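Shown next, in structure tokens, is the structure this report addresses.
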Amino acid sequence: MASIRHALRGNAGNTPAETIRILVPVTGSDTDAKLLSYVGKIAQKKQAFIILIYVVEVEQALPLDADLPEAITYGEHVLREAQQIIQQALDSKSCSIHTDLLQARSAGAAIVDEVSIQNADLIIMSTSVSKRMGKRTCGETTDTILRNAPCEVVILRGPMSDALLEELHMETEAE
């Protein structure tokens with residue numbers, strides 16, 4: 001299994017390139033472009049097999065294989081854009097990019113399962129901070145991945161909303 005430290009260092013001298021398998025969940029959010037640029041930088045330094053995945057979460061009331069044409073069309077669009085961004089970042093360097101659209105009850109569980117299926121060495125993902133039940137959180141998906149992923153996980157956190165920043169500022173002043 002490759003390590004993120006080795007992936008970022010690149011190859012030294014005449015050592016043969018070791019392929020690192022990177023799983024990248026994309027969501028179509030604003031942080032995807034920045035996330036994909038980081039993935040492109042790693043892939044420039046190291047022989048990489050990049051697996052881009054988009055998970056359509058299916059409500060409990062629907063069958064798991066429910067026909068969700070709008071969500072699937074959006075997911076395919078997000079995956080196409082992500083693939084183009086990485087290909088542009090790599091210029092002429094050859095790199096294998098695989099895309100996969102999944103339907104699941106839980107995005108976090110689906111991503112963890114896909115890591116095992118794809119034998120990925122690393123997950124690189126983005127998250128954002130939101131407020132849930134009065135506490136700041138990165139969400140259930142991020143929590144599930146951090147608790148259960150059998151590989152290293154790198155998280156790019158997007159900027160906090162103005163409301164959360166204001167609340168954080170008020171908390172620090174109160175102390």
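Please treat every number below as a calculation from the coordinates, not as lab data. Just so it is clear, the structure is predicted and the values come from calculations on it, not from any experiment. Don't worry about glycine lacking a Cβ; one is built from the backbone with ideal geometry, like all the others, and counts go over all protein chains shown.
Some points to look at:
- If R0 equals 22 Å, the separation of the Cβ atoms of Thr19 and Glu57 corresponds to a calculated FRET efficiency of about 0.10.
- Counting Lys and Arg as +1 and Asp and Glu as -1 over every other residue whose Cβ lies under 15 Å from the Cβ of Pro63, the net charge comes to -3.
- Amide H contacts of Thr127 (H built 1.01 Å from N, under 5 Å, at least 5 apart or other chain): Leu156, Arg157, Gly158
- P(r) of the range 53-94 over all Cα-Cα pairs, binned every 10 Å from zero, in whole percent: 26, 37, 22, 13, 2
- Per-residue ³J(HN,Hα) for the range 68-74, Karplus 6.51 cos²θ - 1.76 cosθ + 1.60, θ = phi - 60°, Hz, x for Gly and Pro: 10, x, 5, 5, 5, 4, 4
- The listed peptides 146-153, 119-126, ordered by packing as a protection proxy, come out as 119-126, 146-153 (highest mean of other Cβ atoms within 10 Å first).
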